[in-house]
Amino acid sequence: MEIQFTTDLQGRLTQRAAQHGRKPDEFVQDLVAQYLDEEDRFLEAVERGEAALSRGEYLTHEELGERMRRVLQP
């Protein structure tokens with residue numbers, strides 16, 4: 001796969017890769033892998049939340065506010 005970057009973005013990626021002691025192509029591959037991993041985690045969390053909601057497992061706005069007050073009290 002080949003991807004074209006703008007001159008500005010290519011320069012930024014090259015500079016950031018050098019700061020990390022990496023080749024630009026390796027650096028970009030790691031960035032994309034990290035992004036996809038995070039996207040997978042996010043989608044799984046959304047699915048768990050939707051499943052909990054379907055089961056009736058949720059807090060009202062007031063219940064959430066009360067929990068937050070208790071957690072944040074000194």
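FYI, it's all coordinate maths here, none of it is from the lab. From a predicted model like this one, the values you see are computed outputs, not experimental measurements. Quick reminder, even Gly has a Cβ in these numbers, built from the backbone with ideal geometry, and neighbours come from all protein chains shown.
For the range 13-30, what are the residues that are among the basic types (K, R) and surrounded by 13 or more Cβ atoms within 10 Å (Cβ to Cβ)? R16, R22, listed by residue number. Just the residues that are farther than 15 Å from V32 by Cβ and part of a helix (DSSP H, G or I), please, taken from the range 11-22. Residues satisfying the conditions are G11, R12, T14, Q15, A18, Q19.
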